[in-house]
Amino acid sequence: MNEELLYFFYDLGQYLINGITQGSIYALIALGYTMVYGIIKLINFAHGEFYMIGAFVGYYLVISGASLWIAFPAAMLGAGVVAVIIERLVYRPIRHAGRIAALISALGTSLFFQYLGQGTVGADPKTFPPVIEEISYEWGEMMISNIQIIIIITTIVLMLVLRWLVSSTRIGMAMRAVSFNHDAAELMGIDTNKIISFTFFVGAALAGAAGVLVGLYYNTIEPMMGLMPGLKAFVAAVLGGIGIIPGAALGGLVLGIVENLVTGFWASNYRDAIAFGILIIILLIKPTGLMGKNIREKV
Amino acid sequence: MRYGRLTTLCISLLMMTLTSPLWASKKTITIGAVFPMTGPIATYGQESVNGINLALKKVGDISIKGRKIRLIVEDNKGEPIESANSVRKLINIDKVNAVIGSVASSNTLAGAPIAQQAEVPLLTPASTNEAVTKTGNFISRTCFTDGFQGVVMARFAFNNLKKRNVAIIIDNSSDYSKGLAAVFKKEFQRLGGKLVSQRDFAYQQKDIDFKSLLRKVKRKRPDVIFLPGYYTEVGLILRQARQMNIKMPFLGGDGWDSPKLQELAGPKGIKNNYISSHFSPDDQDPMVQEFVKKYIKIHKQRPGAMAALGYDGMLVLLDALKRAKSLKSKDLALAINSTKQFKGVTGTISIDRQRNATKSAVVLETTAKGNIFNTKVNP
């Protein structure tokens with residue numbers, strides 16, 4: 001095998017490793033988008049901010065001396081609680097006012113948190129303390145770090161927990177019922193408000209987990225950090241089929257890998273263009289996403 | 001009519017805010033400052049405004065031509081569009097006599113044409129891209145240009161570090177980065193150095209993952225890397241490069257000069273790199289030391305280049321206001337552009353015919369404890 005071809009395979013392997021890591025992050029955020037959409041048909045553009053909030057909760061706990069075993073669940077909890085409060089204060093009062101009103105409120109909430117963050121903690125990027133010392137394992141020209149492995153494994157574990165939660169518990173069953181038909185579920189005695197709050201909580205907690213993982217990986221966090229990953233995760237959710245939980249996971253991974261291949265083999269300038277190009281193509285060709293079924297909307 | 005009273009109140013408040021600058025401008029000299037107070041280069045804006053306020057404080061509560069000085073700070077978030085909006089707002093609504101700002105060249109370039117068209121003098125203390133002052137005769141600067149900075153670094157790489165093969169990584173969203181890279185490339189090749197790749201390696205502002213990019217750079221085996229970016233991305237690039245065993249020195253420009261760089265790059269990433277800048281707080285000049293002492297007293301940290309540039313820029317502007325024949329914008333622009341041999345903390349400032357300042361640059365070595373003075377280069 002000549003040197004060039006060898007390099008090509010090493011590169012491909014490396015971009016795949018980096019892509020899967022980044023894709024895991026997108027997937028964790030995308031799950032929240034898709035769950036909230038699945039249950040109240042709201043595209044929650046403030047979702048990226050829960051990821052930012054999670055990162056900051058983790059950051060402040062870690063710098064005040066808490067171990068990661070405390071900081072990580074606390075960040076999930078923190079992001080989840082904020083999401084529940086936002087749902088109660090912002091989305092619930094206008095739930096029946098139509099989707100445009102809800103969408104605009106979501107954008108407003110997103111801006112509110114971005115600028116609240118800049119106003120309170122400052123706009124400059126903060127250095128997330130390297131609590132886990134980075135160790136790289138090399139194989140030829142390929143490298144994988146222990147933090148990348150942690151990200152991938154944590155993502156898998158969280159997804160399995162979510163799967164169990166949605167498919168095998170009573171509350172999961174209630175979530176599926178509300179998602180399937182809100183009014184009928186309410187008639188069956190399900191407290192839909194509680195279920196919707198819970199869905200926000202779980203979605204935001206996953207995003208909060210992603211925030212801490214990113215803090216560990218790149219060692220930098222800032223109040224605007226939720227903007228781009230939030231949009232990308234939205235693309236990932238649509239790519240997989242919005243409202244479908246495994247779809248979000250798949251969409252996130254595909255997007256992460258494609259982005260890294262584009263940056264690696266082509267040029268980083270085109271990365272975002274490609275990501276949003278994918279969104280347009282999916283909307284044109286298969287609006288229901290990779291895993292979506294074509295269902296005619298009932299009129 | 002439930003909201004009647006509230007609406008009236010709101011309207012009257014709105015009227016007051018809209019009209020107040022009109023009557024205020026008759027009694028004061030209003031200076032608008034456009035700086036990135038938030039966003040990815042926020043420390044630059046904050047430092048610049050600290051410097052500007054220190055300059056105002058130094059001259060004290062003076063009145064020039066019988067009027068008091070009033071400063072209005074607008075946040076451009078480090079974005080060109082916001083810069084254009086801020087300049088427009090300052091000129092149309094606040095009716096400022098002059099604008100000072102901004103830092104990033106792409107931001108200043110977005111605001112400059114508006115000031116030029118309205119014939120309001122705009123003085124940038126820190127934008128080094130060549131094109132900035134070419135906008136017109138109302139736009140000038142009190143810092144050196146990339147033409148000078150790029151040449152300084154190219155010569156430093158070739159003569160002092162004895163490097164021959166350079167890789168250039170640029171921030172594709174920044175006019176500053178592209179301009180500086182072009183000058184560096186020309187001079188380095190003129191001296192006899194080689195580029196390892198004809199195409200520049202490029203990233204975007206706000207990127208956080210540079211591993212794929214750095215991999216491509218590493219494979220070309222350069223012995224030095226020129227990275228004219230801003231500290232937010234540069235810090236992460238340095239950290240990730242050292243993790244990937246890229247050990248050669250990185251060279252940069254004044255865009256690196258922020259205390260945040262040390263924090264973002266980490267102790268391993270920061271070592272063994274060199275930058276050109278405007279100012280070193282280690283300079284033993286008594287004027288510089290007095291400035292450093294005062295700055296530390298108020299802000300509890302050592303001033304970076306942007307604080308010093310903001311300080312000098314404001315002092316030059318105040319000096320011009322005093323010298324100007326009248327407060328008409330044409331006279332003011334004339335006074336700014338005829339600044340000669342003004343002693344500032346960043347060097348002696350003379351504004352030339354192209355409305356650029358000719359002054360010295362310093363080369364600093366970046367270390368975990370801060371940037372250390374290496375050499376001073378005169379124009």
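When you scan segment B:272-288, do you find a residue that is of a type in the set (A, V, I, L, M, F, W, C), surrounded by 23 or more Cβ atoms within 10 Å (Cβ to Cβ) and under 24 Å from B:Arg155 (Cα atoms), even just one? The answer is yes; a qualifying residue exists.
There is no residue in segment A:3-13 that is among the acidic types (Asp, Glu) and under 18 Å from the mean Cα position of the chain (by Cα). Checked against the criterion of being closer than 30 Å to B:Val96 by Cα, away from chain A (no Cβ under 14 Å), crowded, with 20+ Cβ neighbours inside 10 Å and of a type in the set (Val, Ile, Thr), segment B:180-200 contains not a single residue that satisfies it.
Here's the yes/no breakdown for (1) within 14 Å of chain B (Cβ to nearest Cβ); (2) out of contact with any His (no Cβ under 9 Å at 6 or more places or on another chain); (3) polar (S, T, N, Q):
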position	(1), (2), (3)
A:Thr220	yes, yes, yes
A:Met224	yes, yes, no
A:Pro229	yes, yes, no
A:Ala236	no, yes, no
A:Gly241	no, yes, no
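Of all residues in segment B:237-264, which are of a type in the set (Lys, Arg) and either buried (at least 24 other Cβ atoms within 10 Å of the Cβ) or within 14 Å of chain A (Cβ to nearest Cβ) (or both)? Passing the criteria: B:Arg239, B:Arg242, B:Lys260. Only a single item in (1) modelled with pLDDT under 95; (2) outside the structural domain of B:Ser258 (by TED's automatic domain parsing) is not met by B:Leu123, and it is number (1).
Here B:Ser197 passes the criteria (1) outside any helix (DSSP H, G or I); (2) under 25 Å from the mean Cα position of the chain (by Cα); (3) not aliphatic (A, V, I, L, M) except the one numbered (2). Pull out all pairs, ordered by first then second residue, where Cβ-Cβ is under 6 Å, the residues are six or more apart or on different chains, the first lies in segment B:304-320 and is under 16 Å from B:Phe291 (Cα atoms), and the second is hydrophobic (A, V, I, L, M, F, W, C) and assigned to a helix (DSSP H, G or I). So the pair list comes out as B:Gly310/B:Ile52; B:Tyr311/B:Leu54; B:Tyr311/B:Ala55; B:Met314/B:Ile52; B:Met314/B:Ala55; B:Leu315/B:Ala55. Set side by side, the residues A:Gly172, A:Gly203 differ, and just one is without any contact (Cβ under 8 Å) to a residue 12 or more places away in the chain, away from chain B (no Cβ under 14 Å) and in a helix (DSSP H, G or I), which is A:Gly172.
For the subset of segment A:76-95 comprising residues that are basic (Lys, Arg) and in contact (Cβ under 8 Å) with a residue 60 or more places away in the chain, which member is nearest to A:Val214 (Cα to Cα)? First the steps, then the outcome.
Let us first name the residues in segment A:76-95 that are basic (Lys, Arg), namely A:88, A:92, A:95.
In the following step, the residues that additionally are in contact (Cβ under 8 Å) with a residue 60 or more places away in the chain were identified as A:88, A:92.
Numbers: A:Arg88: 28, A:Arg92: 31 Å.
Here the residue is A:Arg88.
Scan segment A:128-148 residue by residue and report those that are part of a loop (DSSP other than H, G, I, E, B), surrounded by 13 or more Cβ atoms within 10 Å (Cβ to Cβ), modelled with pLDDT under 90 and hydrophobic (A, V, I, L, M, F, W, C). Those that are part of a loop (DSSP other than H, G, I, E, B), surrounded by 13 or more Cβ atoms within 10 Å (Cβ to Cβ), modelled with pLDDT under 90 and hydrophobic (A, V, I, L, M, F, W, C): A:Val131, A:Ile132. Within segment B:332-363, the residues that satisfy the criterion of being closer than 23 Å to B:Leu54 by Cα, out of contact with any strand residue (DSSP E or B) (no Cβ under 8 Å at 6 or more places or on another chain) and not in a strand (DSSP E or B) are B:Ala335, B:Val345, B:Thr346.
Residue by residue, here is whether (1) at pLDDT 95 or above; (2) closer than 30 Å to B:Arg215 by Cα holds:
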position	(1), (2)
A:Met1	no, yes
A:Glu4	no, yes
A:Asp11	no, yes
A:Ile17	no, yes
A:Gln22	no, yes
A:Ala55	yes, yes
A:Tyr59	yes, yes
A:Pro73	yes, no
A:Val81	yes, no
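Selection of segment B:217-236 for residues being in contact with a Leu (Cβ under 8 Å, 6 or more places away or on another chain) and within 13 Å of chain A (Cβ to nearest Cβ) yields B:Tyr231, B:Thr232, B:Val234, B:Gly235, B:Leu236. Scan segment B:153-169 and tell me whether some residue there is touching a strand residue (DSSP E or B) at 6+ places or on another chain (Cβ under 9 Å), over 28 Å from B:Gln198 (Cα atoms) and aliphatic (A, V, I, L, M). No, because not a single residue in segment B:153-169 is touching a strand residue (DSSP E or B) at 6+ places or on another chain (Cβ under 9 Å), over 28 Å from B:Gln198 (Cα atoms) and aliphatic (A, V, I, L, M).
Restricting B:Asn337, B:Asn374, B:Asn356 to residues that are at pLDDT below 90 and of a type outside the set (Ser, Thr, Tyr) narrows the list to B:Asn374.
Quick check, is A:Gly208 within 19 Å of A:Leu162 (Cβ to Cβ) and either small (Gly, Ala, Ser) or in a loop (DSSP other than H, G, I, E, B) (or both)?
Taking the combined requirement at face value, the residue satisfies it.
Is at least one residue of segment B:274-283 among the hydroxyl-bearing types (Ser, Thr, Tyr), in contact with a Gly (Cβ under 7 Å, 6 or more places away or on another chain) and under 23 Å from B:Thr30 (Cα atoms)? There is no residue in segment B:274-283 that is among the hydroxyl-bearing types (Ser, Thr, Tyr), in contact with a Gly (Cβ under 7 Å, 6 or more places away or on another chain) and under 23 Å from B:Thr30 (Cα atoms). In this structure, A:Gly264 does not satisfy being in contact (Cβ under 8 Å) with a residue 24 or more places away in the chain and on the phi > 0 side of the Ramachandran plot. Residues to consider are A:Gly54, A:Gly65; find the one that is touching a residue at least 12 places away in the same chain (Cβ under 8 Å) and either crowded, with 17+ Cβ neighbours inside 10 Å or in a loop (DSSP other than H, G, I, E, B) (or both). Result of the check over A:Gly54, A:Gly65: A:Gly54. Looking across segment B:164-179, just one residue is part of a strand (DSSP E or B) and either surrounded by fewer than 19 Cβ atoms within 10 Å (Cβ to Cβ) or polar (S, T, N, Q) (or both), and that is B:Asn165. Summed over segment B:78-115, the residues that are crowded, with 23+ Cβ neighbours inside 10 Å and in a loop (DSSP other than H, G, I, E, B) give a count of 6.
The values are calculated or read from the model by the stated rules, or taken from the named source; none is laboratory data. Every value quoted in this text rests on a predicted model; they were computed, and no experiment measured them. Cβ coordinates were reconstructed from backbone atoms using ideal geometry, including for glycine residues, and neighbour counts include every protein chain displayed.
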